[in-house]
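The next block holds one structure in the form of structure tokens; read it before the comments.
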Amino acid sequence: MTPGPRGLSRFVASLAALAALSACTAEDRDQPLEQVDTIDIPVADTTTRVNINIDDPTLEIPTTVPVGDGDLLTLVWSDEFDGAQLDPETWFFESGDGANFVGDGGIVGLPSGWGNNELQWYLPDNAQLEDGVLKITARRETVGDFGYTSARITTRDRFAFRYGRIEASIKLPSGQGLWPAFWLLSQDSPYGSWAATGEIDVLEAVNLDGQPGPGGLGGGNDIFGTIHFGGEFPANQSSTVVYTPSEDVTGGFNTYALEWDEFEIRWYFNGILYGVQNSWESAAAPYPAPFDQPFHILLNLAVGGNLPGAPNGSTPFPATMEVDWVRVYSGEESAGEPAAPGIIPDDVIYASNPNETVDLVFGVDYTGFEPFGSGSTFNNNVTFDSSFSPAFGVTTGSGYGAQVGQYAIVGFAEGFAAGYERLVFKAKNLNNDLIRVNLLPDGDYLDIDLAGSTYSTSLGDGWYQVVVPIANLTGAATATGLLFETDNTAASPFTFLLTDFGFSGTAGGGGEHGAGTAGVFTETATESTVAVTSITNSADFGGNNTIADPASTAIPAFEGDVVLSIDYQDSGSTFGGVVLNFGGVDLTAYDTLNFTVDTSGISGFADLTIQIEPPGEGAPGTNVALSAYTPVATSGNWATYEIPLADFTATDFSAAGNLGFWNPTNGTGLAFGTLYVDDVYFSTEASGGGGGGGGGTGLVVNSGFDDGFTGWETFDNGGSVTIAANGGSDGGPAANLNATSPGNPTIKQTLIGAGVIGPNQTFSVTFDWRGTAANGGVITFQVFSEQANGGVTKTDLVQGGDAFPADWTTVGPLNFTSAGTAAEVADGLTLEISAICGGVAGCVSDLFIDNINVEIVGP
């Protein structure tokens, strides 16, 4: 229904005592008037009133949340119509022809016929309750110039809601010229008059069992839902979804429902989704206006008007719209844990976190989005998800004759994808958990089963983290676009979500562990690779069930995007572990096993057995205890170890078969939980090991920024913090902190040497730097001793002031001493580096820094 002034004033002939003035015989001759029957139409009773409006109703606007898949709905409002009469605290009774209507942004009065050239005069008492059912009856009776009466009731100023689900059980009347409706209008009209302030039609039907109206809508068994938006009349816009149910909508009660969230509205008939709208606008406010405010409910049965046209001789009167109940529900507040954060790609196309830099920019790096022939629609600001908001929504279309979602990012430079190592994205709400990926125009589809693929890992809350090596996608060399696509088996439209999508790594590049290294489980470049052909669970030979996930994103990776998670479960055995099989590899050229572990997922962790075979079956001399070694570096919960291969005294390294992680303990027996492992590789002593970054083997993780800001926290603070890809002291990456207005862009690394550095221990700091300072620009480089939970106990200034060297300069080693008690260094050290500008005009503090190292050099 549309309340606004959209039509012209109509001419209505009096029907008080309508009589045919002439008629024709078969011979087409006029009959005398006295031989023609008159048609008497009764005059309506407008004086007797049962339904009477009150002056001081209470407005209820409950807090409701959008409805998600599988939500347990909470009923927040309903009218079951079980009383003797309608409650004026719940319903307002409209009357008349619209001339006295008040609403929608200051509208006072509509053109006669409710702005739509309708033919009825609304009487409150045409809405009555009978046997637990609301009956809105249209009658052929006169009020003044109007030849029909009916009723329109609303919850205006009594009940309104924003978001959730509304539904009603309704039996619709049939007949040409009849227009039943169940709809919503703005409660407070903050965006002005209709339709800038919005209208949502949950259900409309015209001319049921008849012919379409003058505009082509209706007739037969058609129902439809519409949104009205845009500007104030006559700049209004609308969008309609039409559905023809298999059930006769006039033969009995059916449930008509609408789910409404901030960026999508969905229509249902008896639980079947038949329409989705997610694109609208308001001239008065930014998207998602106007559908971001409370709306009230309306029920009415109109007669005639612009949409259905007039009744005819076949139209039955009285005609009744019957409503068994109306209910409003709230969706379910997210009771579970949100999804794990997962991975942010190195080069971002889209990210939920507004603080993430978008590296691949529309109009610069690519030209646009494309649905091709699918009819899909896009929404880059979906905010109803409890874990990632906003997210990018893709709603399927039926352009190919079936529901298919296609979202292509097009117009990249040819071969752009070949420069990367990995495609990275998160996805949710895919039909059959299937997403298809294609590098356009020459690539083949890669179908990814999100629930079972090695490319994907569940993050929780329905989200999956997906990491696909570019080497596993065809067409990279000629690619100019990236396509995400659904399957074509969904019975009805749906919206799937994407976020944090882009690319990571540099083909042939990345961090360098150096010559003489062989990677086992690492995303940092090594000279060669030891291929893991399979992973064995100890349950296969009588041990505890121990489940390995080599693509886990349960925690942030130490380097790269994914970690190896090992879930040690108690199945009643005396041993448990996993084995990375690579069978018969000659490792005699290497002398060190390097790996990084996070043991925080195992309560009371004390020790772990590391084993390299053959010989097999845990033979003496093929394994070592992790507790016998001190980490060479730490970062948060991550600890990096370098174990000499000579300590595996019995292992045959000329035909090494596997690497095992066995039997975590807590000091009294086996411990259970999840161990995270990352950056596993073999090296020679000369090639070093440790943190995977350039510039040495000290306690600082990613000291040379080869892995971007992995291991570092960054804060723009009024300036910028970026990676200068080729700006480092060795021609590789460096960190760049730049301030040209009041601000202090900062980088920070915490928990350096936690559990390793002791009280009153001497440590050294070295770094490379260069930059430019002017008009008050300065640098501060500080190191803090940290007690448990982050309290600072000692501060040392490593570098400060405005004497920036123009060329790369190495500073240090500079020696410092940690705080004096074990408690005061329980959380190790924190490095904090800032480029600072005050309020002086023309201030510049432009700092480049690289190869930052902290090493313990004394007791």
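The values are calculated or read from the model by the stated rules, or taken from the named source; none is laboratory data. Predicted model only: the values in this text are computed from it and were never measured. Because the Cβ atoms are built from the backbone with ideal geometry, glycine has one as well, and the counts that use them run over all protein chains shown. Just so you know, the surface numbers come from the protein's heavy atoms only, side chains and all, with ligands and any DNA or RNA stripped out. Shrake-Rupley method; radii C 1.70, N 1.55, O 1.52, S 1.80 Å.
In region 836-851, the qualifying residues are those that are of a type outside the set (Val, Ile, Thr) and surrounded by 20 or more Cβ atoms within 10 Å (Cβ to Cβ), and the one that is farthest from Ala773 (Cα to Cα) is Asn851. Considering every residue within region 603-613, establish whether at least one is out of contact with any Phe, Trp or Tyr (no Cβ under 7 Å at 6 or more places or on another chain) and either more than 30 Å from Gly711 (Cα to Cα) or crowded, with 23+ Cβ neighbours inside 10 Å (or both). Among the residues of region 603-613, at least one is out of contact with any Phe, Trp or Tyr (no Cβ under 7 Å at 6 or more places or on another chain) and either more than 30 Å from Gly711 (Cα to Cα) or crowded, with 23+ Cβ neighbours inside 10 Å (or both), which makes the answer yes. Taking first residues from region 397-422 that are assigned to a loop (DSSP other than H, G, I, E, B) and partners that are at pLDDT below 90 and of a type in the set (Asp, Glu), no Cβ contact under 7 Å between residues at least 6 apart in sequence or on separate chains turns up. Filtering region 86-101 down to residues that are polar (S, T, N, Q) and either at pLDDT below 95 or within 23 Å of Arg140 (Cα to Cα) (or both), which residue is least open to solvent (accessible area, probe 1.4 Å)? Filtering region 86-101 for residues that are polar (S, T, N, Q) and either at pLDDT below 95 or within 23 Å of Arg140 (Cα to Cα) (or both), the one least open to solvent (accessible area, probe 1.4 Å) comes out as Ser95.
Can you name the residue in region 244-262 that is of a type in the set (Val, Ile, Thr) and more than 32 Å from the chain's Cα centre (by Cα) and, of all such residues, is nearest to Ala168 (Cα to Cα)? Out of the qualifying residues, it is Val249.
Residues of region 176-199 that are over 21 Å from Pro286 (Cβ atoms) and open to solvent by 10 Å² or more (accessible area, probe 1.4 Å): Gln176 alone. Residues that are open to solvent by less than 40 Å² (accessible area, probe 1.4 Å), part of a strand (DSSP E or B), touching a residue at least 60 places away in the same chain (Cβ under 8 Å) and in contact with an Asp or Glu (Cβ under 6 Å, 6 or more places away or on another chain) do not occur anywhere in region 434-447.
Is it the case, given these coordinates, that Ala340 is hydrophobic (A, V, I, L, M, F, W, C), closer than 16 Å to Leu497 by Cβ, modelled with pLDDT of 90 or more and open to solvent by less than 50 Å² (accessible area, probe 1.4 Å)? Taking the combined requirement at face value, the residue does not satisfy it.
Restricting attention to region 97-137, the residues that are aromatic (Phe, Trp, Tyr) and under 20 Å from Gln187 (Cβ atoms) total 2. Annotation note: Cβ proximity below 8 Å between a residue of region 540-564 that is more than 30 Å from Phe709 (Cβ to Cβ) and a residue that is open to solvent by 30 Å² or more (accessible area, probe 1.4 Å) and charged (D, E, K, R) (sequence gap 6+ or interchain) occurs for Asn544/Asp570; Thr546/Asp567; Ile547/Asp567. Residues of region 147-174 that are in a strand (DSSP E or B), farther than 28 Å from Asp188 by Cβ and out of contact with any helix residue (DSSP H, G or I) (no Cβ under 7 Å at 6 or more places or on another chain): Tyr148, Ser169, Lys171. Here is the figure for region 285-328: residues that are farther than 18 Å from Thr155 by Cβ, of a type in the set (A, V, I, L, M) and crowded, with 19+ Cβ neighbours inside 10 Å total 5. Candidates are the residues of region 225-239 that are open to solvent by less than 60 Å² (accessible area, probe 1.4 Å) and within 16 Å of Ile200 (Cβ to Cβ); the one that is farthest from the chain's Cα centre (by Cα) is Asn236.
For region 102-146, which residues satisfy the criterion of being under 28 Å from Thr197 (Cα atoms), open to solvent by 50 Å² or more (accessible area, probe 1.4 Å) and in a strand (DSSP E or B)? Result: Val102, Val108, Trp121.
Has region 724-738 got any residue that is assigned to a loop (DSSP other than H, G, I, E, B), aliphatic (A, V, I, L, M) and without any contact (Cβ under 8 Å) to a residue 24 or more places away in the chain? Yes: region 724-738 contains one or more residues that are assigned to a loop (DSSP other than H, G, I, E, B), aliphatic (A, V, I, L, M) and without any contact (Cβ under 8 Å) to a residue 24 or more places away in the chain.
Every residue in region 634-670 that is of a type in the set (Gly, Ala, Ser), over 15 Å from Leu587 (Cβ atoms), surrounded by fewer than 20 Cβ atoms within 10 Å (Cβ to Cβ) and in contact with a strand residue (DSSP E or B) (Cβ under 7 Å, 6 or more places away or on another chain), please. If the condition is that a residue be of a type in the set (Gly, Ala, Ser), over 15 Å from Leu587 (Cβ atoms), surrounded by fewer than 20 Cβ atoms within 10 Å (Cβ to Cβ) and in contact with a strand residue (DSSP E or B) (Cβ under 7 Å, 6 or more places away or on another chain), then Gly636 is the only one that fits.
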